[in-house]
Structure formats: structure tokens, C-alpha cells
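Q: Sharing a structure below in C-alpha cells format, with a few things to ask.
Derivation of every value follows stated rules applied to the coordinates shown; laboratory data play no part. None of these values were measured; they are calculated from a predicted model. In this analysis, Cβ positions are derived from the backbone assuming ideal geometry, glycine residues included, and neighbour counts consider all displayed protein chains.
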């Protein structure tokens, strides 16, 4: 079978949309660190739409930091790939042309450095997941003892981390043409622009205080909120897409119809016409960010842990159960919504209703274990921020505490049928060590996990209201299982 590339672009079925511009004539203005499925199914699509109406040099150079896989899939097909929209209404396919170059840090370090330093590069964006920022999730501060940060400070010419890459590129630009770029974080982190700014400045201060001052004055770090459900692409997805195209595409991405992108309007050297194709440029992204992190991501994580423990492989299977839907709705309405400052013009009830329908989409199977990954990095912003706010205000935390207890049961590494759970998390080794000593005693297990400061900080372990609820729920999960415990929580909330 022939491969998707420029030479076969005109051979696609009429039902498959293709770029409304010539990708070969677009220069590169964005370097994106972490060119995984989410970026290609969300922000790269916004860029593709923008290039169709303003054919400026805003093409993307995608950089893989850890694996050559995406590079090796995309380069032979000229950066083209299929974005596959799936919903109960059907499937739509379009070819995306905004990714003009893909590089891998492992063997193309010099080319990446050149791209980052070039004056034509005006935006450096990131989707490297929470664990890629080498920070303490509980405090949001740079972790100077992180192996990648230690390496990058000792070997500034060969950075491994995104923070080291960005700081090094800004230093080179300072010393050459003197023009900074915009750093655009698109990961699910609270106040993500301000957080990344703090990380880069802390790193730069350790490297050269003059560099830190220059970055603070010249670079910008707008906060953003991105929202689209993008499950991992399977071999079956690839095969189905090949059949539909009549060509082989090694790198398609699957996504839901819904997409949202809010961006603080603070760029040092312009941006693509994202605002003309659906992105919202706002003065303050915080209300959008909190709404999404706490309602969508918080509910997603809660359903992932409790749903997995109850035996469900996919989120849509969890939400097919009315008990879990009732749990999700009550948690959102009674414990999360009151912690939010609702963005102007947003109907919060309609947003919550839409989340239930989005999670129910059977055409987009999203594995509970995929969402459950890296929970130590996700919990602080998805669940614990709401807990802190509610504790301070004297509001209830019962249902959120059940979600946290679900995570505690999950990272214990054994499911309800005594089968091993493969816990994918940067702290998996520490959890395994703690489990060997404490997993058999719910109260001791709760105390042990609360002692992981990188997740819970110093305040939450000392709050006996939270501790008591976690012990109660974890004991119920161990004794009665997730299904019965969730049903009991819903009944108690009514």
C-alpha cells in the first residue's frame, strides 16, 4: 500500500478533507516540544485552520524529547497525518498539514537548537505532560534535585529537559540577535504560563542571574486552557484509517468533535490567526483553566480510578452505569462548582451536562488506565486544589475524597481480585515500597501516602477532616469494592 505523503495527497477519497493551502510553501514559526497525539489532535488543528485563512509562516517544527517514534512515523509522510473525529454521529477524516518538520532530541540536538535560536521561531509551545516539567507538583517549584535538571545545569550544551532547552535557547538568542520568544504551555497545569515562567526563571537564575533578568523582561509566558478528549491511537485505528484512505498513514490521531482553547493575549512577537478559527484570546485564562481542570479532568480521574477498580476498561463503560453518572454529577454540582469563578458567558450546568455526554462517547474508547497514568503529577491540580479550597471554606469534600481514596487503592498495586495493577507513575517505585509495609491497613496506608509531600504538601496530611474521610472511603473500597462504595456514596449524598 502506498503511503500518505505529498505525492499521494491528491489520491485521497473525496470525503477526506485536505489542507486548504500548500503545506510545502509554509515556513516554520513555531517549535512544539512534545509532539504527541494531543498536540496533533488539538493545537496543530487550530494552526491548520489558521493557515487556511492566513498563509503566513506559522508552520510547526515538532520535537520529540524521549522517543524517535513520532519522528520516524511522520518524516516519511512529509509531516502529514489524519485527524479522525469520532462520535455517535459518525466518523470524519481530514489531513493536517501544519506540522512541517519533526525532530528527535536523541540524535538531532543541533538541528533543534538551530530551530529554537532562529529569529523566525516566535513561539515555543509545549505538551510534555505534567511529569515533564521537573517540578514539585505540590508547590509548583522547580525540583533542583531532579536528574534532568542536575544534568542540564552541569551540561548546558546538552539539555535533556524542556526547561533546560528553553532556557538555553533564550540564552543563545540573548547573546545573538536579542529577540525572545513566547513560551506557550498547553498542559493541564494550574496557571500553566506563570508556573512555567517560574520554572524557567529558577533554572536560569541557577545558570546565570543575568539570563534570568533578561528572560523576565523579554520573554512572555501566557497561560492557556486546552480541552479535547484524545485517546491513544491503536493498531486497529491505524488499520481502519488505512482502509478509509486507501493509503498507509502511520500516525493518525483520534479525537472527539469538541475542542476548546483559551489563551491569554500576551505574545512577544505575534501569533497565528488562532482567534479567527475558534480559539479565545482572553485577558485572564484562570477561570477557564480552573473550570476545565476541576470539572473535566477531576471527573475524568475520579471515574478512571473508581471505574478501573470496578472492572471497566474504558471511560464510556464507566459512564454507561447510572451509579457512576450520579456520582460524577453530584461531585461536580455539590463540591466542585462552588469552588469556581465561572467565566463570563459560560452556562456551568450546560457544561457539566456536556461533559457527561462527551464521556459517554462509545466511538472514542478512552482507557481508564491511560487516564490513571501519572496520578501523582495530576492529583494536585485536578482534585487537591478543590479540596484545599473547600476545607478552607467549610464546604463538603466527601465525594472528592472518595476519588482520592480510589487513587490510593489503585497505586497500592493490587486490584479487587488480587491481580497486579501496573502503576505507571514517576513515583511508582516509592508507592511499591510503601505498599509492602502499609497496604494491608487502610489507616496506615492513607497516612503513608499523605506523607508523600510532592503530592500532598505539608498542609493536607495535618487536616484530620480529610484524613478521616480518606480512611473511611479506603476501608470501604477494600471491604465492599468500588461499585458498592460509589453507590453508597451517591445514596448518602441524596
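Q: Taking 0.36 nm per residue of separation and subtracting the Cα-Cα distance, what length does fully extending residue 464 through residue 420 add?
A: 12.8 nm
Q: Give me the percent relative contact order of segment 286-493, please, defined on Cα pairs under 8 angstrom at least 6 residues apart.
A: 28
Q: Any idea what angle helix 398-411 forms with the longest principal axis of the chain, computed on alpha-carbon atoms, 0 to 90 degrees, nearest 10?
A: 70
Q: Another question, then. Considering only segment 6-282, what is the antiparallel percent among its DSSP beta bridges, to the nearest 5? Display every interim value, and only then the final one.
A: Details: 13 of 39 bridges.
For segment 6-282, the DSSP antiparallel bridge percentage is about 35.
Q: Next question, about the same structure. Could you state the angle between the C-alpha long axis of helix 322-331 and the longest principal axis of the C-alpha atoms of the chain, as a value from 0 to 90 degrees rounded to the nearest 10?
A: Taking Cα atoms only, the helix is inclined about 80 degrees.
Q: Something else: Given R₀ = 45 Å, what would the calculated FRET efficiency be for residue 356 paired with residue 210, taking r from the Cβ atoms and rounding to 0.05?
A: 0.30
Q: On alpha-carbon atoms, Rg over Rh for segment 151-274 using Kirkwood Rh? Please list the in-between numbers first.
A: Values: Rg = 18.8 Å, Rh = 17.0 Å.
Result: Rg/Rh = 1.10.
Q: Also: Any idea what the relative contact order of the chain is, in percent, if you count C-alpha pairs under 8 Å spaced at least 6 apart?
A: Value for the chain: 15 percent.
Q: Rounded to the nearest 500, what is the chain's calculated 222 nm mean residue ellipticity when only DSSP H runs of at least 4 contribute -39500 (n - 2.57) each, over all residues?
A: -13000 deg cm²/dmol
Q: Which FRET efficiency value, to the nearest 0.05, is calculated for residue 218 and residue 258 with the Förster distance at 22 angstrom and r the Cβ-Cβ distance?
A: Once the sixth-power term is evaluated, E becomes 0.05.
Q: If R₀ is 51 angstrom, what is the calculated FRET efficiency for the pair residue 492 and residue 92, using the beta carbon separation as r and rounding to 0.05?
A: 0.75
Q: Among 248, 32, 255, what is the fewest-to-most ranking by other Cβ atoms within 10 Å?
A: 248, 255, 32
Q: Now for a different question. Label-point separation (nm) for residue 453 and residue 10, each offset 7 Å from Cα along Cα-to-Cβ?
A: Modelled inter-label distance: 6.5 nm.
Q: Moving on. Remind me, what semi-axes does segment 288-397 give for its equivalent ellipsoid, largest first in whole Å, using sqrt of 5 times each Cα gyration tensor eigenvalue?
A: Each semi-axis is the square root of five times an eigenvalue, giving 22, 16, 12 Å.
Q: Relative to the longest principal axis of the chain, what angle (0 to 90°, nearest 10) does the C-alpha long axis of helix 428-438 take?
A: Between the helix axis and the principal axis of the chain, the angle is about 10 degrees.
Q: Remind me, relative contact order of segment 6-282 in percent, using alpha carbon pairs under 8 angstrom and six or more residues apart? Walk me through the numbers on the way to the answer.
A: Numbers: 545 pairs, mean separation 61.6, N = 277.
Computed value for segment 6-282: 22 percent relative contact order.
Q: Looking at the chain, send over the antiparallel percent of its DSSP beta bridges, to the nearest 5. Intermediate results must be reported in sequence, preceding the final value.
A: Details: 15 of 42 bridges.
Restricted to the chain, the bridges split so that about 35 percent are antiparallel.
Q: If you don't mind, another one. Per residue, what volume in Å³ does the convex hull of the Cα atoms of segment 54-108 enclose?
A: 108
Q: Whole number please: convex hull volume per residue, Cα atoms of segment 320-384, in Å³.
A: For segment 320-384, the hull spanned by Cα atoms encloses 115 Å³ per residue.
Q: Computed from the mean reciprocal separation of all distinct C-alpha pairs, what Kirkwood hydrodynamic radius does segment 286-493 have, in Å?
A: 16.9
Q: Tell me, what are the semi-axes, in whole angstrom and largest first, of the equivalent ellipsoid of segment 6-282 as set by the roots of 5 times the Cα gyration tensor eigenvalues?
A: Taking √(5λ) for each eigenvalue gives 32, 19, 18 Å, largest first.
Q: Give the label of the value calculated from the structure for semi-axes √(5λ) of the Cα gyration tensor in Å, choosing from [x] 43, 27, 19; [y] 40, 34, 21; [z] 37, 28, 21.
A: [z]
Q: Points 7 angstrom from Cα along the Cβ direction at residue 239 and residue 54: gap in nanometres?
A: Here the modelled spin labels are 4.4 nm apart.
Q: Among 469, 131, 20, which comes first, then next, by fewest other beta-carbon atoms within 10 Å?
A: 20, 131, 469
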